[in-house]
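Colleague: Quick one: the structure is below, and I'll ask about it shortly.
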Amino acid sequence: MNLNLHLKVWRQASPNAKGSFQDIEARDIPDHASFLEMMDIVNERLIADGKEPVAFDHDCREGICGMCSMVINGRPHGPERATTTCQLHMRKFRNGDTIWIEPFRARAFPVMKDLMVDRSAFDRIMAAGGFVSVRTGAPQDANALPIGKEVADAAMDAAACIGCGACVASCKNASAMLFVSAKIGQLNALPQGQPEKHRRTLGMVRQMDKEGFGNCTNQYECEAACPKDVSRTWIASMNKDFAVASGREALLASARERSEGD
Amino acid sequence: MLDSKIPSGPLSEKWSKHKRDSKLINPKNKRKYTVIVVGSGLAGASAAASLSELGYKVKCFCFQDSPRRAHSIAAQGGINAAKNYQNDGDSIYRLFYDTIKGGDFRAREGNVYRLAEVSANIIDQCVAQGVPFAREYGGLLANRSFGGAQVSRTFYARGQTGQQLLLGAYSALSKEIASGNVQMYSRSEMLELVTVDGHAKGIITRNLTTGKVEAHAADCVLLCTGGYGNVFYLSTNAMGCNVTATWRAHKKGAFFANPCYTQIHPTCIPVSGDYQSKLTLMSESLRNDGRVWAPKKKGDNRHPSQIPEDERDYYLERKYPSFGNLAPRDISSRAAKEACDDGRGVGPGGRGVYLDFSEAIEKFGEQTIRERYGNLFDMYERITGENAYKQPMRIYPAVHYTMGGLWVDYNLMSNLPGLHVLGEANFSDHGANRLGASALMQGLADGYFVIPTTIANYLVTQKPGAITTDNAEFKRALEDVNARTHRLLNIKGKRSVDSFHRELGLLVWEKCGMARDFDGLTSALEKIPALRDEFWNNVNIPGSGEAVNQELEKAGRVADFLEFAELLCLDARHREESCGGHFRSEHQTEDGEAKRDDANFTYAAAWEHTGDFSKPSLHKEELQFEEVHLAVRSYK
Ligand SMILES: Cc1cc2nc3c(=O)[nH]c(=O)nc-3n(C[C@H](O)[C@H](O)[C@H](O)COP(=O)(O)OP(=O)(O)OC[C@H]3O[C@@H](n4cnc5c(N)ncnc54)[C@H](O)[C@@H]3O)c2cc1C
Ligand code: FES
């Protein structure tokens with residue numbers, strides 16, 4: 001079956017330009033098409049009419065690279081639970097629907113053009129501690145460090161995050177806590193992550209604040225918007241790890257002061 | 001002229017010997033060298049991180065908005081390693097042999113043995129980084145089986161192995177970015193290779209955010225830019241995958257080897273309409289539990305549940321009893337095509353066969369199957385609207401991987417001094433067909449373990465920092481790139497970039513896809529130049545070059561595919577044999593299997609650009625088999 005849809009698409013020429021919604025009639029859209037294929041069809045028609053196509057980020061179109069974004073009818077990645085925009089299919093819409101399409105909005109994610117935003121803040125947070133400091137070389141045999149299945153599974157649950165930023169876009173405070181806590185949580189859960197646990201937690205949380213992400217006020221819209229079902233419980237464990245790490249930091253600092261006073 | 005530089009001595013000692021004989025650069029001097037790494041997939045990220053750890057200054061580039069989004073992220077099934085954790089008789093030699101045989105005896109023994117040798121280190125490295133591989137209750141690593149092997153040597157992280165390995169490599173890269181030793185350039189596309197006196201000394205990039213065209217100089221260049229599967233338009237590759245970096249290098253003198261070795265993956269979701277933008281893989285790991293079948297009767301369009309057991313043809317089990325549903329990809333793909341050509345295909349257009357889990361669900365329960373493949377079943381349902389727990393999946397082969405790539409020697413250096421090529425972008429390890437779970441292994445082997453040793457062999461011959469962007473070659477290359485962009489933007493024709501890409505894709509899929517023949521290839525070779533001409537006269541690219549312009553980005557890539565496609569078909573036409581993924585209908589056995597011609601084609605075909613796309617010049621690297629005996633590849 002084919003659908004006729006009314007699109008209201010955010011158009012913004014450049015980061016500093018003023019944006020607005022443009023009305024686009026999307027006629028005759030096959031319901032087996034994906035949402036991005038619908039956008040492709042729309043763009044082909046815009047080009048044929050001598051107009052500029054709508055810019056949007058995408059790459060894998062399999063729901064794994066985290067490149068696609070878009071707020072669809074007010075929800076990051078649209079209405080389907082645990083589904084990225086690229087995996088959303090038009091059979092989930094009805095003939096005659098009006099669809100609002102906007103970029104992810106957050107101070108830390110400036111709009112670049114139309115539906116594209118700059119999410120490089122996430123990379124900077126990762127560089128502030130999202131790793132285990134091992135050099136390439138010959139570490140011990142992988143099976144010399146048994147890790148219980150439950151621990152490995154939990155780490156994998158956190159590691160499933162695709163870094164898309166839907167959590168930020170869904171939060172009224174534009175908080176990045178779900179992303180950051182999943183990243184910290186994966187490594188802090190594993191034995192390999194223990195030596196740098198405190199450093200990592202402090203570094204990443206502070207970088208997150210520096211980037212201008214808001215605070216978490218326990219609304220948990222992030223969890224509902226996450227295309228990979230990352231659980232909000234990671235936020236609680238991050239808060240705990242952060243409290244321990246900053247307490248420890250304060251203790252060490254005062255100990256240092258004392259020893260310097262001697 | 002083509003010296004593969006394979007070290008002498010027994011196969012199992014070549015790599016150790018080479019490591020011993022390789023040059024060293026002292027730590028103080030390493031800091032003086034700059035290395036450009038184009039690509040941040042498994043190959044690029046692992047290389048950039050490891051070289052930076054050694055002390056080299058690294059500049060790393062990718063076209064996505066973050067290095068973590070490279071196409072490697074999409075790999076699902078797993079990564080091979082000869083750990084023999086299952087005690088099922090695996091060994092370095094067996095992984096080596098399976099890979100050589102899987103590649104239909106068209107890969108280099110020395111390279112493949114090295115790959116098998118370092119495979120075990122990869123797993124150790126990744127675990128140390130915190131990659132959450134699947135584990136057993138005892139806390140040890142779990143394994144699964146993949147096609148073309150009779151042992152369980154595949155390590156995995158649910159259905160997201162590539163993601164987890166890439167995030168591991170990206171975390172190592174992030175650590176080096178933080179140290180200030182790696183400078184990362186995201187949303188930057190390489191549009192030209194710069195050579196100075198025949199040596200690769202830099203690249204020209206376009207900043208995809210600002211449109212600014214920039215020159216970058218270095219002491220050597222690593223291309224880790226992935227495969228060219230998107231020449232077919234529809235493939236399992238991400239939308240941005242392209243041949244631009246390697247093709248530009250080819251036009252600057254680098255030889256392109258075996259472009260006709262392309263892999264068609266047997267288990268993908270079939271095409272559903274002409275709006276289709278990509279095809280989605282259903283991981284090969286599914287064939288551990290799924291059984292492939294087609295109806296025995298032609299045109300049988302009953303619902304699969306209505307087709308009784310004795311009217312089903314489990315054709316892989318029938319034809320290849322010892323490997324069954326785990327027959328290698330090329331063989332399984334052709335068997336699916338055969339069934340459909342025979343009028344026994346299912347679903348829209350009759351281009352599909354069934355992958356059936358009912359028996360496994362009955363045996364292990366739905367919950368177990370859900371645990372093993374839940375995310376794949378979910379993805380299948382999102383795309384097709386069908387529930388694969390209740391009815392079999394419909395699958396059909398699709399373009400997936402490219403074994404061909406830039407020619408490299410044992411040091412991973414191309415014939416252009418200084419130009420190194422890693423991962424899917426090179427040609428070296430998979431011969432005419434790649435086994436499942438071996439691409440991740442190769443990308444990480446190249447980046448973590450091979451290049452950190454071999455790069456010094458080139459760098460010691462160079463004075464660090466001798467070439468800067470002030471060199472006239474950089475100016476010339478910048479002008480070339482700007483002129484090309486200007487030309488593209490000013491065609492202002494009638495057809496969109498995608499329309500050309502689709503037309504090209506369909507043409508090469510039909511004439512140079514799962515089965516090829518001389519006449520079909522000849523007709524493609526007539527049509528490609530005409531389509532290319534039309535592109536350069538009639539493509540329509542709105543907007544300017546001074547800002548984000550995704551149509552311009554695509555146009556540059558499609559322009560290169562339009563040139564590359566000709567080489568692809570020429571190589572396929574010249575190789576008068578069938579081997580691995582290259583199936584020439586004229587060359588098959590009586591029961592339809594690929595028929596190699598070892599007397600005449602036991603070589604890698606390395607093509608040199610001559611300025612005339614229809615007349616590249618051929619260089620042959622004869623493959624020497626010292627260890628294995630060239631045999632008919634049988635999975636029966
Ligand atoms: C759906 C799917 C599933 C797969 N599953 C498996 C599996 O289970 N096991 C397995 O072993 N293999 C699998 N493969 C194959 C494997 O994923 C790839 O072969 C491998 O990841 C390629 O890695 P790479 O580092 O060579 O390149 P890529 O990961 O493709 O990285 C290419 C990099 O180059 C950059 N780049 C490209 N062109 C340019 C340019 N012009 N300028 C600047 N940057 C550029 C990109 O930005 C990117 O960073 C799968 C492939 C697909 C498509
Ligand atoms: S395009 Fe990769 S997740 Fe959507």
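Colleague: Roughly what percent of Cα-Cα pairs across the stretch A:2-113 reach past 22 Å?
Modeller: Across the stretch A:2-113, Cα pairs with separations above 22 Å total 28 percent.
Colleague: Quickly rank A:164-170, A:150-156, B:511-517, A:192-198 as a protection proxy: mean count of other C-beta atoms within 10 Å, highest first.
Modeller: Listed from highest to lowest mean packing, they are A:164-170, B:511-517, A:150-156, A:192-198.
Colleague: Assuming R0 = 25 Å, can you tell me the calculated FRET efficiency for the pair B:Glu13 and B:Lys620, based on Cβ-Cβ distance, to the nearest 0.05?
Modeller: 0.35
Colleague: Would you mind ranking B:Thr402, B:Thr589 by Cβ crowding within 10 Å, fewest neighbours first?
Modeller: Sorted ascending by nearby Cβ count, the order is B:Thr589, B:Thr402.
Colleague: Computed over the Cα atoms of the protein assembly as shown, what is the convex hull's projected area averaged over all directions, in nm²?
Modeller: For the protein assembly as shown, averaging the hull's shadow over all directions gives 36.6 nm².
Colleague: Something else about it: How much of the calculated P(r) for chain B lies past 34 Å, in percent of all Cα pairs?
Modeller: Pairs farther apart than 34 Å: 40 percent.
Colleague: What list of ³J(HN,Hα) values in whole Hz, one per residue of the stretch B:504-512 in order, does the Karplus curve 6.51 cos²θ - 1.76 cosθ + 1.60 (θ = phi - 60°) give from phi, with Gly and Pro shown as x?
Modeller: 4, x, 4, 4, 6, 5, 6, 9, 9
Colleague: Highest mean first, how do B:251-261, B:365-375, B:189-199, B:159-169 rank when packing is the count of other Cβ atoms within 10 Å averaged over residues?
Modeller: B:159-169, B:251-261, B:189-199, B:365-375
Colleague: Under a cut-off of 12 Å between alpha-carbon atoms, report the aspartates and glutamates in cross-link reach of B:Lys30, not counting same-chain residues fewer than 8 places apart.
Modeller: B:Glu53, B:Asp219
Colleague: Which parts of the stretch A:85-100 would a label at A:Lys51 reach, counting a residue when its backbone N lies under 20 Å from a point 7 Å out along Cα-to-Cβ?
Modeller: Only A:96-100 pass the distance filter.
Colleague: If every alpha-carbon in the stretch B:489-611 counts as one equal scatterer, what log10 I(q)/I(0) does Debye give at q = 0.14, 0.18, 0.20 1/Å?
Modeller: Cα-only, vacuum Debye calculation for the stretch B:489-611: -0.68, -0.93, -1.06.
Colleague: What pairs from B:Lys297/B:Lys337; B:Lys5/B:Lys201; B:Lys83/B:Lys620; B:Lys83/B:Lys595; A:Lys210/B:Lys175; B:Lys5/B:Lys252 go past 26 Å between their alpha carbons?
Modeller: B:Lys83/B:Lys620; B:Lys83/B:Lys595
Colleague: Among A:Thr83, B:Thr522, which comes first, then next, by fewest other beta-carbon atoms within 10 Å?
Modeller: So the ranking, lowest neighbour count to highest, is B:Thr522, A:Thr83.
Colleague: While we're here: Tell me, in nm to one decimal, what length is gained between A:Glu150 and A:Asn16 on full extension, where the rule is 0.36 nm per residue of separation less the Cα-Cα distance?
Modeller: Stretched fully, the A:Glu150-A:Asn16 segment lengthens by 43.4 nm.
Colleague: Determine by what factor the alpha-carbon radius of gyration of the stretch A:119-261 differs from 2.2 N^0.38 Å, reporting the quotient.
Modeller: Computed over Cα atoms of the stretch A:119-261, the ratio equals 1.12.
Colleague: Also, quick follow-up: For B:Glu586, put the label point 7 Å out on the Cα→Cβ axis and report which residues of the stretch B:486-529 keep their amide N under 19 Å from it.
Modeller: B:510-527
Colleague: Just in the stretch B:379-428: which trypsin sites (Lys or Arg not before Pro) are loop by DSSP and have at most 12 other Cβ atoms within 10 Å?
Modeller: B:Lys390
Colleague: Okay, moving on. Put a dot 7 Å past each Cα toward the Cβ at A:Asn95 and A:Gln219; how far apart are the dots in nm?
Modeller: 3.7 nm
Colleague: Can you pull the Rg over Rh of the stretch B:276-338, Cα-only, Kirkwood?
Modeller: On the Cα set of the stretch B:276-338, Rg over Rh gives 0.99.
Colleague: Can you compute the FRET efficiency between B:Lys28 and B:Val460 using 1/(1 + (r/R0)^6), with r the Cβ-Cβ distance and R0 = 22 Å? Round to the nearest 0.05.
Modeller: 0.95
Colleague: To continue, here is another question. Calculate how steeply helix B:518-538 sits against the longest principal axis of the alpha-carbon atoms of chain B, using the helix alpha-carbon long axis, and give the answer as 0 to 90 degrees to the nearest 10.
Modeller: The answer is roughly 50 degrees.
Colleague: Using the crude model of +1 on Lys and Arg Cβ and -1 on Asp and Glu Cβ, and no other charge, please compute the dipole size for chain A relative to its Cα centre, in debye to 20.
Modeller: It comes to approximately 560 debye.
Colleague: So for the protein assembly as shown, taking the charge dipole from beta-carbon charges (+1 Lys/Arg, -1 Asp/Glu), which of B:Leu51, B:Val632, B:Asn29 sits furthest toward the positive end?
Modeller: Going by the Cα projections, it comes out as B:Asn29.
Colleague: Next question. Local charge sum around B:Lys278 (other residues, Cβ-Cβ under 11 Å, Lys/Arg +1, Asp/Glu -1)?
Modeller: -3
Colleague: State the Cα centre-to-centre distance between the stretch B:557-636 and the stretch A:15-49 in whole Å.
Modeller: So the two Cα centres are separated by 42 Å.
Colleague: When the Kirkwood radius is taken over all Cα pairs of the stretch B:287-406, what Stokes-Einstein diffusion coefficient follows at 10 °C and 1.306 mPa s, in µm²/s?
Modeller: 105 µm²/s
Colleague: Out of A:Gln140, A:Gln207, A:Gln22, any idea which swings most in a Gaussian network model of chain A, alpha carbons joined below 10 Å?
Modeller: A:Gln140
Colleague: Find how much the distance from B:Asn387 to B:Lys5 grows on full extension, using 0.36 nm per residue of separation minus their present alpha carbon separation; answer in nm with one decimal.
Modeller: Difference between extended and current length: 132.3 nm.
Colleague: Expressed as an acute angle from 0 to 90° and rounded to the nearest 10, what is the orientation of the C-alpha long axis of helix B:366-384 relative to the principal long axis of chain B?
Modeller: 70 degrees
Colleague: Bin by bin, in steps of 5 Å, what percent of the Cα pairs in chain A do you find, going until the bin that has the longest distance?
Modeller: Bins of 5 Å from zero give 1, 6, 11, 15, 16, 13, 11, 9, 7, 5, 3, 2, 1, 1, 0, 0, 0 percent of pairs.
Colleague: Now for a separate question. So how much slack lies between B:Asp21 and B:Tyr314, counting 0.36 nm per residue of separation and subtracting their Cα-Cα distance, in nm?
Modeller: Once the chain is fully extended between B:Asp21 and B:Tyr314, it gains 100.2 nm.
Colleague: Continuing with the same structure: Which whole number gives the average count of other chain Cβ atoms within 10 Å of the Cβ atoms across peptide A:152-158?
Modeller: That works out to 5 on average.
Colleague: Now for a separate question. What ³J(HN,Hα) values, in whole Hz, does the Karplus curve 6.51 cos²θ - 1.76 cosθ + 1.60 give for the stretch A:110-119 when θ = phi - 60°, with x put for Gly and Pro?
Modeller: Along the stretch A:110-119, the couplings run x, 5, 9, 6, 6, 9, 8, 10, 9, 10 Hz.
Colleague: Only sites in a loop by DSSP and with at most 14 other Cβ atoms within 10 Å count here; which chymotrypsin sites (Phe, Trp or Tyr not before Pro) in the stretch B:597-636 make the cut?
Modeller: Filter output for the stretch B:597-636: B:Phe625.
Colleague: Once phi is turned into θ = phi - 60°, what whole-Hz ³J(HN,Hα) does the Karplus curve with 6.51, -1.76 and 1.60 give for every residue of the stretch A:46-54, x standing for Gly and Pro?
Modeller: Result, ordered by residue: 4, 4, 4, 7, x, 9, 7, x, 7 Hz.
Colleague: Quick one: B:Asp409, B:Asp65, fewest Cβ neighbours within 10 Å first, how do they rank?
Modeller: Ranked by crowding around the Cβ, least crowded first: B:Asp409, B:Asp65.
Colleague: Treating the angle as unsigned and between 0 and 90°, give the value, to the nearest 10°, between the Cα long axis of helix B:329-341 and the longest Cα principal axis of chain B.
Modeller: Between helix and principal axis, roughly 50 degrees.
Colleague: Further question on the same structure: Determine how many Å³ per residue the convex hull of the Cα atoms of the stretch B:393-552 encloses.
Modeller: Per residue, the Cα convex hull of the stretch B:393-552 comes to 207 Å³.
Colleague: If you add up the charges near A:Ala245, with Lys and Arg at +1 and Asp and Glu at -1, over every other residue whose beta carbon is less than 13 angstrom from its beta carbon, what do you get?
Modeller: Net of charged neighbours comes to +3.
Only the coordinates and a few stated rules stand behind these numbers; no lab work does. Because the structure is predicted, anything quoted here is derived from the model rather than measured. Cβ sites come from the backbone with ideal geometry, for glycine too, and all protein chains shown count toward neighbours.
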